[in-house]
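Below: one structure, written as C-alpha cells.
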Amino acid sequence: MRLKLKASTAIVAVALLVAGFGGQEVSAKQVQRGTVTMEKRVFQDVDPSTIQSSNQNPFGLVYQGAISRNVPGQVNIHPISYDLAGRKISANVYTPAGYDQASGKKYPALVVAHPNGGVKEQVAGLYAQRMAEQGYIAIAADASFQGASGGFPRNVDNPAFRVEDIRGMTDVISLYPGVDAERLGVLGICGGGGYTLKAVQTDKRLKAVATLSMFNTGIVRRNGFLNSQTATTQKRLQQASAARAQEVAGGTVQYTPDMLDMDLSAEQLAKMPDLYRDGYEYYGKTHAHPNSTFRYTVSSNLELFTFDAAHNMDLIEQPLLMMAGSKADTLDMTEQAFAAATGANDKELFLIEGATHIQTYWMPQYVNQAVTKLTAFYGKHL
C-alpha cells in the first residue's frame, strides 16, 4: 500500500511538473512537501480610447447619469481586464470622489453581478457608480462567454461559470489599490442575484450580501416562467443533449431564440408578463447595448436545469438584504430564497413599493430607494 501511494504521488507530481499547476511550474519536491504557492492575481488597465462604444459615451455606458469622462477628485471609472481560468474578463472599476491610491486610505468595496442577458454597461454599471458616489470602490464585470469578456462558444450560460465570475471579481477587487479586503460586499441583480446567493454560501470573503430583483435562473429555465413549460422538460433536455452532441462533433452551436430579435407589436407586448414586456423595452430600446442578448446556448440547459439558487441558503450566515419591487412578477423568487436563509445573522426583505422587476433597473424613484437602502446596509456591515 505504501509503495502504491508513493507511486501515485510521483505520477501526480510528474504530471504537475509537465503541465504546470495553475499556469505555474511545480516540482515533485514541492508537491510532496506541500510548498506550492500561487501567483498573485493581476489585472491590466485598459486604455479607454480602445473601447468600441456604440453611443456617445466613450465607455459605452447606457444608463442615465453615466460618467462620460474622468475628472480628478470626482467619481471615476477605470476599465480593466484580467484572466479567469484562461478567459479574458472585461470589467469596470468605479472609484469614489477623492480617491488617491497613493494616499494609503482604505475603502470598502463592492462586487456587482449583472442580470441574465445584461452587460456591465447597463444596470450593473448604474448601481456600481451610485455606490461609488456613496464612498465605495465597486467592480462590475461582464460574465465569462458574455459581453466583452472572453470564452467560446459565445453566450454560454453555465451556473458554475457565473458563480466563478463573482469569485473572480472578488479576487481582483480585493487586490485593487486602496481596497480594504476585510470590508467586501456584493450586490447581485436579477440572475446575477441568484448566482450571488450561490457564491456567498461558501465564499466568506464577502461580508455583506444584497440582491435586487433576484431571478432563480435554473428553476425558470427548467419549468418555464411562472411554471409555463413543465410539460416539456424532458423534451427540452433531449434538445440540450442533442445540441451538446452536435457541438462536440464540430457542428453548429444551437441557440435559444432572442426576444430582442423579434419585432413585437404593442398588442403582443400587452399580453406578455411584465418581466418580458419591460425587458423588451429596456434591453431592446431604452438601454440597448450591442453586447446584450437574451440568447444562450441550448446545451447550457444541461447545467441550468439542475440549478436552484435557493438551495443551501442555510449556509449564508452573512448579513443579507434582499430587495424586490412590490409589483414584480418575480417577487416570489426573492421571498422563497429569503425564507430559506435560516442561517443569516441579520436579514431583511425590502419591498420597493410600486416597482416591477425591470423598473428597479432604471426608474429614478425606485433606484434611489434601493441605493438609500444599500447605503445604510453596507454602512452598517462593512
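Brief remarks on what is shown
- Cα gyration tensor category, rounded, prolate or oblate, for the stretch 189-314 with a/c compared to 1.5: oblate
- R0 of 45 Å, Cβ-Cβ distance Ala97-Leu302: FRET efficiency to nearest 0.05: 0.45
- The H on the amide N of Ile316, modeled in the peptide plane, is under 5 Å from the matching H of Gly343, each at least 5 residues off or on a different chain.
- Counting Lys and Arg as +1 and Asp and Glu as -1 over every other residue whose Cβ lies under 15 Å from the Cβ of Asp278, the net charge comes to +1.
- Using a Förster distance of 25 Å, the FRET efficiency for Gln74-Lys105 (Cβ separation, nearest 0.05): 0.95
- Peptide packing: for 141-149, 336-344, 322-330, 223-231, the average count of neighbouring Cβ atoms within 10 Å per residue gives the ranking 141-149, 322-330, 336-344, 223-231, highest mean first.
- Shape of the stretch 256-377, Cα gyration tensor, a/c cut at 1.5: oblate
- Computed on the stretch 188-245, with alpha-carbon pairs under 8 angstrom and 6+ residues apart, the relative contact order is 30 percent.
- Under a 5 Å amide H cut-off, with hydrogens placed 1.01 Å from N, Phe145 pairs with Gly150, Gly151 among residues at least 5 apart or on other chains.
- Mean Cα-pair separation over length for the stretch 117-272, i.e. relative contact order, pairs under 8 Å, 6 or more apart, %: 13 percent
- Pairwise centroid distance, computed over Cα atoms, of the stretch 169-220 with the stretch 36-114, Å: 17 Å
- Of Leu260, Leu321, the sequence from fewest to most neighbouring Cβ atoms within 10 angstrom is Leu260, Leu321.
- Gain on full stretching of the segment that runs from Arg205 to Lys327 - 0.36 nm per residue minus C-alpha separation: 40.6 nm
- Computed FRET value (nearest 0.05) for Asn55 with Thr35, which takes r as the C-beta separation and R₀ as 51 Å: 0.50
- In percent, rounded to a whole number, the relative contact order of the chain is 14, using alpha-carbon pairs under 8 Å and six or more apart.
- Neighbour-count order for Tyr283, Tyr176, fewest beta carbons within 10 angstrom listed first: Tyr176, Tyr283
- Amide proton proximity set for Phe350, modelled H, under 5 Å, gap of 5+: Met322, Met323, Ala324
- Among beta bridges that DSSP assigns inside the chain, antiparallel share in %, nearest 5: 40 percent
- Just checking the listed ones, Arg41, Arg130, Arg162: in the Gaussian network model of the chain with Cα springs under 10 Å, the one fluctuating most is Arg41.
- The stretch between Gln254 and Ala339, if pulled fully straight at 0.36 nm per residue, gains 26.9 nm over its current Cα-Cα span.
- Extension gain, Thr233 to Ala85, is 50.1 nm, computed as 0.36 nm per intervening residue step minus the present C-alpha separation.
Read the figures in this text as sums done on the coordinates, not as results from a lab. This is a predicted model, so every value here is computed, not measured. Using ideal geometry, Cβ is built from the backbone for each residue, glycine included, and neighbour counts are taken over all protein chains shown.
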